Amino acid sequence: MAIRSYKDLVDAEENGQTFFGSFRKNLNAATGANSWFDVTLSPGNPLPFYYASTPLIGAPMGQAANGGMPHNPPVENLGYKTYLKKLSITPLNTAAIVTGPMILMDYLFYYPFIDTSTTDEQFLDNTASLTRYTSGQGVSVMAVQMAGLLGSGNPTFQFTYTNQNGELKTSPRQTCGTAIFVGNLATANSGQASGSASNYPFLILCPEDTGIRSVQSVTFNSPDIGLLAFVLVKPIEQIALREIGSGGERTPVIDFFDLPVIADNAYLSILLNSANANVNAMPYIGTIETVWG
Amino acid sequence: MALQSMDQIISAITASQFNRTDWNKNALPTTAQVAGQWYDLSTGAGNPFQNSTHGSTANLAFQALSDTTTTTATTAATSGSISGTVFTDTTHGTNRFTVGMILTGTGVSAGTYITSLGTGTGANNGGTYNINISQSVTSQTITGTARPSGLYTGGDVSPSIKNVLNVSAYSGATTSAPTTLMLVDQVAMFTVSSVTTTGAQSFTGTQTLPRYATGAGLQAYIVPSVVMGAGTPTIQLGYTNAAGVSGRLTPSSPSLPVATTTSPVGSIIYSGTGAGKYGPFVPLQAGDTGIQSIQSINLSATMTSGSLVVILAKPIFTLPITTVGVASERDLVNQLPSMPRIFDGANLQWLQFAGSNTPINTAYYGSLDVAWG
């Protein structure tokens, strides 16, 4: 079964195959302008998730074990798929507010406590593997700052990974920005690197690679003191806050003509970019509606 | 087959005949963008990886471009070496080395690629190129492989037809707006390294287009693959139009396009404001709706140095970013009904009009959704 038409969508609604949830986050972080920031580590509802587990050992993420933004329970065993019906976000504070895109993503897998202070190759444990999007097609990886790194001298690193076809690759060189705060993406913050710039949210893969299945190792060419988590994610939908003091709404099938799938047991969270400095103490609330059929 | 109703689009999406791509491209890495000029972002850093095909082929030769195209350049036998992060092309072999090329050879570390030009200009003996991985490789044949690295849109889908549903773009960097992005399908290219030659130079090779076979809607633009010298010649292309009429010429009235001095890599050299400036495409003769093939390029004076690429491309859509920090979005089903088609093998890249002087490495992020049925 699947939703094939507007009528199917209406039928699913009338049959009660819908879910409504709400969330609240308090972005308790100082950042620079034009920084990408992972709200997963921010307090609120759902509870923050700190990517804190055994160092360098890869671990899957899922709603049942780890939480994340609310969505409906699994339906694939009933022959259904879940779709994003509506997403809305409203900021509460006009003093330190975000304008910019927010990307709703399914957080799939993470490697905690990658040490940025050593130039030794750090090997990552892949005893566990992806439980959703298992081939890695369309999966991206981002480097989330867990502690410390200030980005002095724009540290650079490379990593080895398995792409969507199961091939082992060595990544292009990645360059960290400067003035990085916990929750920032290390390669995507306001202190743009000189030479090869940063500020892409996701780490750069080799030519022709369209996804990533796992990360095998990380090597810093130039170190700084700090800790990273490498997080594998699947972007689902974006929503934009365009103006200070106003919220954003997205009804994908109506105003952007797509109907993103939310996998069973998805861990949903948001990556945002702020054109404004200091995303500190900016609370926002939001609602999420899903439909299945 | 085709998507012919709202319900069919929904059905295609939910049947996984759908692809979302998140992309990022950065502005020129070494030279700030100038307000009023157009740029080709494909050779910039970001995701997907930079396009390294521009300028990689033999002088004046036709090269078709698709998402899987590869071109190669080599040193002469046993005439390439690497010391630290410098690759030296002691005696050049074939074609031209470019930034972003993956290097291979006995003992060359996997994942090695050219990050910037040293003294090398693509094909000069003794030219050096900076690479990403420090290593020591003794003299041997070293090969560079270039790929276009266009936006991925889900692969080939024929006999289904693929259409763009929506697109978004954003930049929070200071003075990154206003700007306009244009998605193009790069269909073919011609390297022009003989930039000190004046008068008409003929292109070589059989020109069979991989897409848009008649040339309908195809237009040409010109960018450097190596920074240009001080010359400011006028430029005229001789071409066959989409109706198959040969002998067509870039019109000289009101003015032929005039190159800008010392144009950096990735800049469209005749774009800008004032007399003789156009953009992004070279103007066509009156009544023409596209270019089927290009027979010649005529530079009125030497450009002193550098290397150019003439690119045939199909504009897909434009997307303005009006304000720094404000995401720009287009729903091409409801908001601007068009659903532009993406052909199998499309080599999708971004052109950009700089509405303000824009710092080096300014980052743009966005997404692109397509569906097929």
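Bear in mind these aren't lab numbers, they're just calculated from the coordinates by the rules spelled out. Everything numeric in this text was worked out from a predicted model, so none of it was measured. As a convention, Cβ positions derive from the backbone with ideal geometry for all residues, glycine included, and neighbour counts pool all protein chains shown.
Worth pointing out:
- Centre separation in Å (Cα based) which lies between region A:137-175 and region A:47-116: 20 Å
- FRET E, pair A:Ser222, B:Ser158, Förster distance 51 Å, beta-carbon r, rounded to 0.05: 0.60
- Dipole orientation for chain A: of the candidates A:Leu9, A:Gln145, A:Ala30, A:Ala30 has the Cα lying most toward the positive pole (charges on Cβ; Lys, Arg +1; Asp, Glu -1).
- Residue-wise HN-Hα coupling along region B:259-275, computed from phi with Karplus coefficients 6.51, -1.76, 1.60 (Hz; x: Gly, Pro): 5, 8, 5, 6, 5, x, 4, x, 8, 7, 6, 10, 8, x, 10, x, 5
- Listed peptides B:310-321, B:345-356, B:70-81, A:49-60 appear in the order B:345-356, B:310-321, B:70-81, A:49-60 once ranked by packing, highest mean of other Cβ atoms within 10 Å at the front.
- Stokes-Einstein diffusion coefficient of the protein assembly as shown, Kirkwood radius over Cα pairs, 20 °C, 1.002 mPa s, in µm²/s: 84 µm²/s
- Whether region B:71-146 is rounded, prolate or oblate, judged on the alpha carbon gyration tensor where a/c under 1.5 counts as rounded: rounded
- Using R0 = 60 Å, the C-beta based FRET efficiency linking B:Ser16 and B:Ser194 works out to 0.75.
- Of A:Lys85/A:Lys169; A:Lys7/A:Lys234; B:Lys25/B:Lys314, pairs whose Cα-Cα distance is over 26 Å: A:Lys85/A:Lys169; A:Lys7/A:Lys234
- Straightening the chain between A:Asn45 and A:Ser117 buys 22.6 nm, computed as 0.36 nm per residue apart minus the Cα-Cα spacing.
- Distance from region B:46-87 to region A:212-246 (C-alpha centre basis), Å: 30 Å
- Highest mobility in the GNM of chain A, judged by mean-square fluctuation with C-alpha springs under 10 Å and restricted to A:Val139, A:Val253, A:Val231, is found for A:Val253.
- In a simple Cβ point-charge model (Lys, Arg +1; Asp, Glu -1; nothing else charged), chain B has a dipole of about 380 debye relative to its Cα centre.
- Take the Cα of B:Thr106, step 7 Å toward its Cβ, do the same at B:Asn334, and the gap between the two points is 6.3 nm.
- Residue-averaged beta-carbon neighbours from other chains (10 angstrom radius) around A:237-243: 5
- In range of the label at A:Thr134: residues from region A:151-182 whose backbone nitrogen is under 15 Å from the point 7 Å along Cα→Cβ: A:165-166
- Sorting the segments B:267-273, B:153-159 by their residues' average number of neighbouring beta-carbon atoms within 10 angstrom, most packed first, yields B:267-273, B:153-159.
- Label zone (A:Lys7, point 7 Å along Cα-to-C-beta; backbone nitrogen cut-off 20 Å) within region A:65-89: A:81.
- Selection from A:Leu185, B:Ser160, B:Tyr239, by position along the positive dipole direction of the protein assembly as shown (Cβ): B:Tyr239
- Around the Cα centre of chain A, unit charges on the Cβ atoms of Lys, Arg, Asp and Glu (plus for the first two, minus for the last two) sum to a dipole of about 280 debye.
- Modelled label reach - B:Ser252, point 7 Å along Cα→Cβ, region B:263-288 residues with backbone N closer than 19 Å: B:275-278, B:282-287
- Farthest toward the positive end of the dipole of the protein assembly as shown, out of B:Gly107, B:Gly306, B:Met339, is the Cα of B:Gly306, where the dipole comes from beta carbon charges about the Cα centre.
- Rounded, prolate or oblate (a/c below 1.5 giving rounded, otherwise prolate when a/b exceeds b/c) for region A:6-292 by Cα gyration tensor: oblate
- Within the protein assembly as shown: Cβ-based charge dipole about Cα centre, in debye rounded to nearest 20 (Lys, Arg +1; Asp, Glu -1): 960 debye
- If you wrap the tightest convex hull around every Cα atom of region B:118-177 and split its volume per residue, you get 241 Å³.
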